[in-house]
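The values are calculated or read from the model by the stated rules, or taken from the named source; none is laboratory data. Remember, predicted model here, so these are calculated numbers, not experimental data. No Cβ is skipped: glycine too gets one built from the backbone with ideal geometry, and neighbour counts run over all protein chains shown.
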Amino acid sequence: MVDKVFSIDKPLLAFNALYTETEKSEHKGFAMLLKGCFGYVRNPLGHEPKLLWNSEDDAADQFTLISMLHRKLDQCFKIPLS
């Protein structure tokens with residue numbers, strides 16, 4: 001889903017203009033962060049949540065990452081279908 005929504009060639013959502021190589025790299029990196037976050041907290045083979053927090057600091061760090069990703073998603077705009 002992330003690959004389709006945040007593709008470079010035909011994105012459905014973007015949070016920058018995707019004009020420069022820097023903007024495209026930022027866009028790709030954001031998609032990778034989303035996919036990595038999904039993979040880190042979920043076990044697709046077992047379909048059970050994985051809790052990898054060893055401390056309150058680990059939990060706070062995960063929530064901080066999720067908060068940043070959510071804020072960036074809120075800033076995205078829809079790309080008109082061509």
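With respect to L81, is the statement that it is out of contact with any Leu (no Cβ under 7 Å at 6 or more places or on another chain) and modelled with pLDDT of 95 or more true?
For L81, the condition - out of contact with any Leu (no Cβ under 7 Å at 6 or more places or on another chain) and modelled with pLDDT of 95 or more - is not met.
Does T22 satisfy the condition of being out of contact with any strand residue (DSSP E or B) (no Cβ under 7 Å at 6 or more places or on another chain), assigned to a helix (DSSP H, G or I), modelled with pLDDT of 90 or more and more than 22 Å from K78 (Cα to Cα)?
Here the answer is no, as T22 does not meet what is asked.
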